[in-house]
Each structure stands twice: as structure tokens, then as C-alpha cells.
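Presented below is the structure to which this report refers.
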Amino acid sequence: MKRDAWILIAWLCASMLLAQHNVNYDEEKVPKYVLPELLQLQNGEKVTSVEQWEKQRRPEIMELFASEVYGRTPTDRIKVTYETITENPNALKGKATTRQVRFTFSSEGENGDKGRNGSVSEDETREAILLLYIPNKRKGKVPVFVGYNYNGNHSITHDIKVLYPPTLHLVEELGSPAWERDNQTRRWPLEIIIDRGYAIATMCYHDIFPDNPSMKERSVIPLFTGYSSNNRPTNEKTGSGSTGTTGQDSSQSASDEWQAIGAWAWGSSRIVDYLETQKEIDSDKIAIMGHSRQGKAALWAGAQDERFKVVISNDSGCGGAALFRREFGETIEIINNTFPHWFCDNFQKYNKREPSLPIDQHQLIALIAPRKAYVASANEDLWADPKGEFLSAYHAGPVYRLYALSAIDSDTMPKLHAPIMEDIGYHIRAGKHDVTDYDWKCYLDFADKHFKK
Ligand code: GTR
């Protein structure tokens, strides 16, 4: 193994050990907290109509998540091309058609204008491979679940024609378990999903941002205008300029520059762009499902992109569905130290200062309204704070009610395996941090209900 990789592993282990040391798992020790108001403008005025929510309060909250937590998603569009590499009409014993599609992202602007440095070099492209499963038994267009996989498309299937991700070598030593075919099939019950009439669009998340603090340069982020450039203005909001912790060379990144979670969210919207071109897919029925760090990215994608009609967070924990202010399990300080490449630099300001954060995660879920949101927990996954995940789904309710939609009625957690399926859904199942067939069954039921299948 390369020396750098060992150093990184040692550093990750050390920071996780240090982190585990002070973790609170005692409900009695949860600090008393007051959640930031959902339906009150920054000027103190109450929000009483959908119009006020959409025109005033929602943009205020969006702005805070972008500037303080996940970083700003660039508004410029880069060029993306798609190439179908394989098509197999006989996948899953004839139940599905699969397509593998190469996405090429280029720093060239959408209309062919020059990239971030004023010149386009061959290096400034990134590749990702989408794996699409479409049920063969269908009447008309089908709904679809979009979701990243962790170890590569090859990891979710036995099919030897499914390719390895172009980026896996950047984060996983050759020969490590991630390279084994079908090592994550258990998390992707393809036949169950296909039998229920849904398509699946999945991609390895490393293709968008290889998940390692040193890999920002190899992510899609440098393809955008303004990346780490000195002519980018310092942050007007904080007036602090940049912290430079994730910058390169002498240039520094702005403290609200997007990082990995922002990039993953952006990438899932590019999957939607592609799906909208596919005749078999019903682009009014697109669900996104993300587990853990991808649950965080799914919620942020769902908040930003209204084409996601159902947004599902599976065990997403800190920085996902869990309320920061409970400081139960993983905290802001721990996550920032362990994964310095996930959130924007401004988020570091809230290490050990949860009460000073101007937002909390119930507001992230509220940004999804009136589209449908579902949060799931596992009872042994205390690191992700199941109660905090439940409570943020509960506290998002007032915005759903503003739309005359249904929400979670009680702040008492439901029993195990007793899913709530209102316009906001929630379940807690027995077991560990994972994605199980039970979780998928609930997501399919929730999607059926809202897609009126
Ligand atoms: C953990 C991290 C969590 C969660 C998880 C995962 O190590 O602390 O926030 O994201 O990884 O993605 O599996």
C-alpha cells in the first residue's frame, strides 16, 4: 500500500478514536435546546401562507444551508455528454433491460464557451458510469429510484458485464473488498424493486467526488468557473475571507465553496437530466434514496432540485436528518474532523457550538415540501441518533401543514417496524446501520402511495 494511504488511514483511525471518546449516548445528557423557527422570517414576521414560505422564508433557509453547511452549488452549467456503452434487454433473468451510460463532464461551458481558466485542456473532464435497470414488464412509463452506490456498479450485481467505476482506484487499493463483484448486492434488492415496477438508476459516488479529503482535485468541482481561483471574492457574509483548509497551492477556497456532499447532490441532478431523455422513464415520478453519507446528500439534492418528487434518507445521521442540537452520537465537531471534505469551511465555525447554528435539520426536510420526504432509522445505529432523525421529520410538519398536507402527528417515536406514511414518512427498524430489504419495502410502499401506483 502507498505511504500516503497508510498515513491517511492512521489519521482517520486516530480522529475516529478521539471522536468516539466524548460521544454522548445518554438521553438524559441531551442538552436543552430551542430549534430555530421554521415559520418566522429573519425580520421576526410570522409566515402564514404558502406564498410567504415560498417567496421569503424558504429562500432564507436555503441561503443558510448553502452558506453555512453544504456550500454553494455553482449556478453555471458545465457540459455533460452521455454515451451508451452497453444495453442488455435480458438482465435479471429477462425481467429488466440494463443500460450502462458514460457521463463525461467537461469544464467547457454548456454552450461551448471556455472553461474556468479561459482554456480547455484535455485533463479537465471527469467520467462517471450510470447503471440503469428498466423493468421489462411495464405499461407506459415507469417511476424510478435514483441512488448512489458506495463500492461501484459492479458491487450491486452478479452480472459480469457491469463495469467497474473509473474512479475506484483513486480511493480503494486494488484487491481490496470493494473490488469484489456483488459485494453490496444485499443493499440493492434489484429484483424486488423491478418486480414492483420501478426502474433503478445508480452510479458510484466516487465518480462525482472520490470520497477522500485529498481528492477534491479529482472531483467534478474543479471543472467549474471560480474554483480555488484568487479572483473569487472573499466571503461577503462573514468578511473573513477563506480558511484555505481545502484549497490547493497558494490559492484558497472560499469558505462557502461546495464540497463533497454538495457535489454528490449536484451529480444526482445530472442523473435526472439524463433520465428526462429516456422514453421509458416517467420523469414526474423520480425518487431519490440515499444511505448514510448519501442520505445527507439525498436530502440536500431534494431540497435543491424539485424534480425529486420523493426524497428518502436512510440512516443519514449527523448532517443528514438528525437534529444537530441534540448532540447525540456524531456531532458537528466530530464530523468536520473526520470528514473535512464533506461540508463547506464555514461549517467549522459550529464545532462545539451547535446552538449558534442558524438552522437545524428539520428545516432541511421542510425545504422538500410539498414533495414527499421519508426518514428511516435503525435502533442500533446510535451514532446516527435515531431519535434526532425522527424529531426532525416531526418538526418539519408545520410547513407540510401550510400546504394542507399531512405530517407526523406525535413527537413520540413509533415502535419498531411501524412505518408512518403521511406526506412525511418515518420508520425505525431493528438492527444496525445498513440498508435492508425491509427498508426498501417501506420505500416502495411510500413511493406507491405518492406515485399512485
Ligand atoms: C460514518 C459517518 C457518518 C455516516 C457514515 C456512512 O463514519 O460518521 O456520518 O455518514 O459514516 O456514510 O456510512
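Go through (1) hydrophobic (A, V, I, L, M, F, W, C); (2) touching a helix residue (DSSP H, G or I) at 6+ places or on another chain (Cβ under 8 Å); (3) within 13 Å of the ligand (Cβ to nearest atom) for ILE359 and report which single condition fails.
The failed condition is (3).
All but one of (1) on the phi > 0 side of the Ramachandran plot; (2) crowded, with 19+ Cβ neighbours inside 10 Å hold for ASP182; which doesn't?
If we test ASP182 against (1) on the phi > 0 side of the Ramachandran plot; (2) crowded, with 19+ Cβ neighbours inside 10 Å, just (2) comes out false.
For segment 187-205, state whether one or more residues are open to solvent by 50 Å² or more (accessible area, probe 1.4 Å), on the phi > 0 side of the Ramachandran plot and at pLDDT 95 or above.
Looking through segment 187-205, none of the residues is open to solvent by 50 Å² or more (accessible area, probe 1.4 Å), on the phi > 0 side of the Ramachandran plot and at pLDDT 95 or above.
Tell me the strands (runs of 3 or more DSSP E) entirely within segment 35-136 that contain at least 2 residues that are at pLDDT below 95 and under 26 Å from TRP264 (Cβ atoms).
Those strands (runs of 3 or more DSSP E) span 96-109.
Just the residues that are over 15 Å from PRO370 (Cα atoms) and loosely packed, with under 14 Cβ neighbours inside 10 Å, please, taken from segment 42-58.
Let us first name the residues in segment 42-58 that are over 15 Å from PRO370 (Cα atoms), namely 42-48, 56.
Across segment 42-58, the qualifying residues are GLN42, ASN43, GLY44, GLU45, LYS46, THR48.
Being open to solvent by less than 10 Å² (accessible area, probe 1.4 Å), part of a helix (DSSP H, G or I) and away from the ligand (no atom under 16 Å from the Cβ), is that true of even one residue in segment 275-293?
yes
I need every pair where a residue in segment 74-101 that is at positive phi has its Cβ under 7 Å from the Cβ of a residue that is of a type outside the set (Phe, Trp, Tyr) and open to solvent by 40 Å² or more (accessible area, probe 1.4 Å), sequence separation at least 6 or different chains.
Pairs found: LEU92/GLU191; GLY94/ASN136.
Filter segment 295-313 down to residues that are touching a residue at least 60 places away in the same chain (Cβ under 8 Å) and within 16 Å of GLY71 (Cα to Cα) and give me whichever is farthest from the ligand (Cβ to nearest atom).
Residue satisfying both the conditions and the ranking: GLN304.
Name the residue that is surrounded by the most Cβ atoms within 10 Å (Cβ to Cβ), counting only residues in segment 322-336 that are within 11 Å of the ligand (Cβ to nearest atom) and touching a residue at least 40 places away in the same chain (Cβ under 8 Å).
ALA322
Determine whether segment 362-373 contains at least one residue that is assigned to a helix (DSSP H, G or I), open to solvent by 20 Å² or more (accessible area, probe 1.4 Å) and small (Gly, Ala, Ser).
There is no residue in segment 362-373 that is assigned to a helix (DSSP H, G or I), open to solvent by 20 Å² or more (accessible area, probe 1.4 Å) and small (Gly, Ala, Ser).
If the requirement is being at pLDDT below 95 and over 24 Å from the mean Cα position of the chain (by Cα), which of these qualifies: LEU18, LEU12?
Of the residues listed, the single one that is at pLDDT below 95 and over 24 Å from the mean Cα position of the chain (by Cα) is LEU18.
So, ASP423, is that one among the acidic types (Asp, Glu), surrounded by 18 or more Cβ atoms within 10 Å (Cβ to Cβ) and free of Cβ contacts under 8 Å to residues at least 60 places away in the same chain or not? Break it down into steps so the answer makes sense when it comes.
Working: among the acidic types (Asp, Glu): yes; surrounded by 18 or more Cβ atoms within 10 Å (Cβ to Cβ): yes; free of Cβ contacts under 8 Å to residues at least 60 places away in the same chain: yes.
Judged against the criteria, ASP423 is a match.
Yes or no, residue by residue, for (1) surrounded by fewer than 23 Cβ atoms within 10 Å (Cβ to Cβ); (2) within 16 Å of the ligand (Cβ to nearest atom); (3) part of a helix (DSSP H, G or I):
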position: GLY388; (1), (2), (3): no, yes, yes
position: SER392; (1), (2), (3): no, yes, yes
position: ARG401; (1), (2), (3): yes, no, yes
position: ASP411; (1), (2), (3): yes, no, no
position: LYS415; (1), (2), (3): yes, no, no
position: ALA418; (1), (2), (3): yes, no, no
position: GLY431; (1), (2), (3): yes, yes, no
position: VAL435; (1), (2), (3): no, yes, no
position: PHE446; (1), (2), (3): no, no, yes
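The values are calculated or read from the model by the stated rules, or taken from the named source; none is laboratory data. Predicted model only: the values in this text are computed from it and were never measured. No Cβ is skipped: glycine too gets one built from the backbone with ideal geometry, and neighbour counts run over all protein chains shown. Side chains included, ligands, DNA and RNA excluded: accessible areas come from the protein's heavy atoms. Shrake-Rupley method; radii C 1.70, N 1.55, O 1.52, S 1.80 Å.
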